[in-house]
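Notes follow once the structure below has been shown.
The values are calculated or read from the model by the stated rules, or taken from the named source; none is laboratory data. The structure presented is a predicted model; accordingly, all values stated were derived computationally and were not measured. Cβ placement follows ideal geometry from the backbone for every residue including glycine, while neighbour counts extend to all protein chains displayed.
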Amino acid sequence: MERVDRCVVLVDAGYLLGAAASLLAGEPSRSRITVDHTALIRGLRERAEQETERPLLRIYWFDGAPDRVPQPEHRRLRVMPRVTVRLGALTRSDGRWAQKGVDAAMHAELTELARNRACSDIVLVTGDGDLLPGLMSAKEHGVAVHLWAVQAADGDYNQSEDLVAEADERRVLDRAWITRAIRAKDLGICQPSAATRPDIAAILAAPLPESAPAEREHHHAHDASAARNGVAAPAEREAPEQEQPSTAGKAGVPTPKDLAGLRPPLGQPSQPPQPQQVGATLRWSSDKGWLVRSGPGAGEPPETASLPTLAQLTSAEQRWADREEDITTVGGDPFEVGQVFARRWMERLPEEGHTSTLSTLYPRIPHRIDGELLRYAARFGLLAHKDDQIDEHDRYAIRAGFWREIDVTAAAGGPPEEG
């Protein structure tokens, strides 16, 4: 049987509209958006025909509905030319709605179209990794698979990395394209900006212990209260080795618990500071030993305090673009990871003087930036499974890549000016 040169579009409506709601209204609820289905279908058809260079056979719209009863939007869609609606069940459990049968229906349609040689190109608008077997099967039958993503909101990422890796072509439906047919509802109040997902915010800007003294005091108060009630303090705040908290007379690098022990528990009178212990802060990661300072401004050295972190320099749109680049073009080699981080940091610096300040610290990377660099590297799986730490050899490579990019960019006259 000869294959027909035409394209088919399979749309996971839950993904398309939920991601659009997150992008435009700040939350994935479809009740927060208004959809012009006629304009949306027209846009899908035109883009599919343009990118595949094939005429459209059909658009399959997969969605969930209570008891599989078509809702008003489904009734409008199913009478449109070249549109077929396939409904799965929509059930409510623990106060949340969940689709059932939609993925299975998409998988079955995808494999049948490929097996029957009904088309040469299939466009998938989905983020669900469960469709990976169907995608691979379609490729084995000689079909070109195009994967479309919806631009994610505020640094989030909303598509299976395995799907991205397996697809033949991938495109992003950005905000400009989405807003041709979808808009956020005007609820009569100022719409909140899209909120950063807590886990993404933690990855990008997790505070180090020495940067949050108030939090440490809270932990000490909590532990003291737990001890009075005969309850053990949380294990995660204990040092790996059960030693006395004081760093007096000890050699090597103190643990966060050691440093916290220099501060009296909440509610107890402060003791006179011991020599060489006032304002002590741990030198993290690439710093050797630990730094002792006293008097006003004790803590982070002033020459590094002015250096901003990448998270502080990065906008919501840039976080999304960074994630796109990470998953599509960054291979994950430790040296390369350090280069990518440094390039972004250099490009977004508001003042050229920051580069000069950093250069004077070579080979030490300030602990705030170094910690952020290593957290970024952890995204690429550069962890030793035994202790969830990055291998020391990889740490050297990551930092070497960072400094190489700083050196190359500085030698070239600094980052390019943004037009």
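Which residue is farthest from Val11 (Cα to Cα), if the candidates are limited to region 132-178 and must be of a type in the set (Val, Ile, Thr) and more than 23 Å from the chain's Cα centre (by Cα)?
Val143
Can you tell me which residue among Thr126, Thr84 is out of contact with any Ser or Thr (no Cβ under 7 Å at 6 or more places or on another chain), buried (at least 19 other Cβ atoms within 10 Å of the Cβ) and among the hydroxyl-bearing types (Ser, Thr, Tyr)?
Of the residues listed, the single one that is out of contact with any Ser or Thr (no Cβ under 7 Å at 6 or more places or on another chain), buried (at least 19 other Cβ atoms within 10 Å of the Cβ) and among the hydroxyl-bearing types (Ser, Thr, Tyr) is Thr126.
When you check Val164 against the structure, is it within 25 Å of Gly26 (Cα to Cα), at pLDDT below 95, part of a helix (DSSP H, G or I) and in contact with a helix residue (DSSP H, G or I) (Cβ under 8 Å, 6 or more places away or on another chain), yes or no?
The answer is yes for Val164.
Only one of these conditions is not met by His107: (1) in contact with a Gly (Cβ under 7 Å, 6 or more places away or on another chain); (2) over 22 Å from Ala184 (Cα atoms); (3) in a strand (DSSP E or B). Which number is it?
With respect to (1) in contact with a Gly (Cβ under 7 Å, 6 or more places away or on another chain); (2) over 22 Å from Ala184 (Cα atoms); (3) in a strand (DSSP E or B), His107 is out only on (3).
Those residues that are of a type in the set (Val, Ile, Thr) and closer than 13 Å to Ala13 by Cα, I need them from region 84-101; list them, please.
The answer is Thr84, Val85.
Per-residue answers, yes or no, for (1) loosely packed, with under 14 Cβ neighbours inside 10 Å; (2) in contact (Cβ under 8 Å) with a residue 12 or more places away in the chain; (3) out of contact with any strand residue (DSSP E or B) (no Cβ under 8 Å at 6 or more places or on another chain):
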| site | (1), (2), (3) |
| --- | --- |
| Leu40 | no, yes, no |
| Gly43 | no, yes, yes |
| Glu46 | yes, no, yes |
| Glu49 | no, yes, no |
| Leu56 | no, yes, no |
| Phe62 | no, yes, no |
| His74 | no, yes, no |
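Starting from region 308-321, take each residue that is under 19 Å from Glu352 (Cβ atoms) and list its partners that are surrounded by fewer than 16 Cβ atoms within 10 Å (Cβ to Cβ), counting only C-beta distances under 9 angstrom and pairs at least six apart or across chains.
Going by the 9 Å Cβ cut-off, the qualifying pairs are Pro308/Pro350; Leu313/Glu347; Leu313/Pro350.
Mind listing whichever residues of region 392-419 are among the acidic types (Asp, Glu), surrounded by fewer than 16 Cβ atoms within 10 Å (Cβ to Cβ) and either part of a helix (DSSP H, G or I) or modelled with pLDDT of 85 or more (or both)?
Matches in region 392-419: Glu392, Asp407.
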